[in-house]
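Below: one structure, written as structure tokens.
The values are calculated or read from the model by the stated rules, or taken from the named source; none is laboratory data. Computed from a prediction, not measured in an experiment: that's the story for all the values here. Positions of Cβ are backbone-derived with ideal geometry, glycine not excepted, and every protein chain shown enters the neighbour counts.
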């Protein structure tokens, strides 16, 4: 694309760029989701509706005669008094989240290097001054002039804004190249006037055209008509990464697309809990807590201190003498663990308020273990998924009980693990890891090798979120994340199964028996489901010889 575009630039004197979806991307599927998300952030569900009606009313009043567009200020004339203060909120939010198209920035700078007259042409209600500030901040500097429909009262859609540009620059249409994503306004209308064009297809459309991504349409459609923007945001970020990194390695890719989403959402929730519950110390339980602790160190905006704490099932069996101890309890281990807890440098000291963070709670091993040694210190559990328990104080983020999760939890435990073998116990405040002579050691090493790739994708996701949403703007809804994970499981290809099943994972209480991430039983069930779906689609007339192979692949 860039080479072809550069050749076109060489042949023209004036190079015009559209802004939104060409030079700048919003990290949402649809532009209208911005107002919807602001509604969500401000806890004002009616703002989106008010904002939509305000723009409609402004256009009815002002778009008459020769006037073809309105200004941002005119739109806010019709916003309810309750939302007048959102004038700056919306502008600031847009300015913060817009992502520069790095590929187009390269083309933009190339045009400047060739001493071309570079201009910006946009159908937009924002002022030229505001857009100039945004473009400059995102790296687009040195263009001659910006032509905005709201100021000239003419649009690209009618073709009249192009006429103003040609007259203002005193050039013939064949000397100008316009680059944009709207086929009607940026391409057809410009061509009618004899202007050369380059169509940059919206990255959303490019993404959906990739057969591997089409199944995500159903996921988005499930939520697009609701006030909830989590699906739009998840896919918006994913589409941008897909555009920039189309050749990510498989494991790194699912780390970015799924593990990163889970980790970011958990840490955002943890930060909110810290603020609400006045938490002083956060215990991230090994091994699941490894990527969570790493993300917390990057994202934490509170005074709470994060600790990576060894408190798994094996240690609990050795230190807590109850019906689950399996005869492993010993007073020596009990004392050893007491010393370990005492060695933790709690920010809250003796009056600490501890949040225990883990991925999943079935028997609540970590929380029960830590409760014994924290004694008079207040503690609260926090889990992505948890089985119902009336005895302990905890927060189940998803509201889904562990045994009823409709996605493969073994894969989730790959997202939330550590680059270390299984932890068997504790000695001198240090973990005792599975040794090389263990029959399952090779499976642990294979998992570690893969996790390092997954973890890179996860941390890339965290960094991207922090880069785009500089303040704590992202507020993922956990039920939507559960739906997102289920959507992945329900649309695995045979190639996906093949790669995923190269890893084995312990599934028994003592973590001694290993099975592939998607075992034979699971695979057989999925094949039966695919066959059933195939028959249903046949009856509906949606399957023919041309698309049969693609359906079976999915």
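Meeting the requirement of 1 or more residues that are at pLDDT 95 or above, within 30 Å of residue 4 (Cβ to Cβ) and under 13 Å from the mean Cα position of the chain (by Cα), the helices (runs of 4 or more DSSP H) wholly within region 184-268 are 230-244, 250-254. Within region 269-286, being over 17 Å from the mean Cα position of the chain (by Cα), part of a helix (DSSP H, G or I) and surrounded by fewer than 21 Cβ atoms within 10 Å (Cβ to Cβ) holds for 271, 272, 273, 275, 276, 277. Total residues in region 15-62 satisfying the condition of being part of a strand (DSSP E or B) and touching a helix residue (DSSP H, G or I) at 6+ places or on another chain (Cβ under 6 Å): the figure is 2. Taking the condition crowded, with 19+ Cβ neighbours inside 10 Å, at pLDDT 90 or above and in contact with a helix residue (DSSP H, G or I) (Cβ under 8 Å, 6 or more places away or on another chain), does residue 466 pass? Here the answer is no, as residue 466 does not meet what is asked.
Looking only at region 288-296, decide whether some residue is touching a strand residue (DSSP E or B) at 6+ places or on another chain (Cβ under 7 Å) and part of a loop (DSSP other than H, G, I, E, B). The answer is yes, given that some residue of region 288-296 is touching a strand residue (DSSP E or B) at 6+ places or on another chain (Cβ under 7 Å) and part of a loop (DSSP other than H, G, I, E, B).
Is there a residue being in a helix (DSSP H, G or I) and either farther than 28 Å from residue 160 by Cα or not assigned by TED's automatic domain parsing to the domain that holds residue 41 (or both) anywhere in region 118-134? Give the derivation first.
As a first pass, look at region 118-134 and keep what is in a helix (DSSP H, G or I): 128-134.
This time we only want the ones that are either farther than 28 Å from residue 160 by Cα or not assigned by TED's automatic domain parsing to the domain that holds residue 41 (or both), so: none.
No, that holds for no residue.
In region 83-98, the condition of being touching a strand residue (DSSP E or B) at 6+ places or on another chain (Cβ under 7 Å) and in the same structural domain as residue 8 (by TED's automatic domain parsing) is met by at least one residue.
The single condition from (1) in contact with a strand residue (DSSP E or B) (Cβ under 9 Å, 6 or more places away or on another chain); (2) not assigned by TED's automatic domain parsing to the domain that holds residue 23 that residue 179 fails is (2).
The helices (runs of 4 or more DSSP H) falling completely within region 323-419 that include 1 or more residues that are closer than 20 Å to residue 429 by Cα and in contact (Cβ under 8 Å) with a residue 40 or more places away in the chain map to 331-343, 365-374. The residues of region 12-45 that are exposed (fewer than 13 other Cβ atoms within 10 Å of the Cβ) and free of Cβ contacts under 8 Å to residues at least 60 places away in the same chain, listed by number, are 31, 43. For region 380-407, taking the residues that are modelled with pLDDT of 90 or more and under 27 Å from residue 443 (Cα atoms), the one that is nearest to the chain's Cα centre (by Cα) is identified as 384. When 145, 141 are checked against the criterion of being closer than 18 Å to residue 109 by Cα and without any contact (Cβ under 8 Å) to a residue 12 or more places away in the chain, a single residue qualifies: 141. Only one of the numbered conditions (1) over 27 Å from the mean Cα position of the chain (by Cα); (2) at pLDDT below 75; (3) surrounded by 14 or more Cβ atoms within 10 Å (Cβ to Cβ) is not met by residue 506, and that is (2).
Within region 161-183, the residues that satisfy the criterion of being crowded, with 19+ Cβ neighbours inside 10 Å and not in a loop (DSSP other than H, G, I, E, B) are 161, 162, 165, 176, 177, 178, 179, 180.
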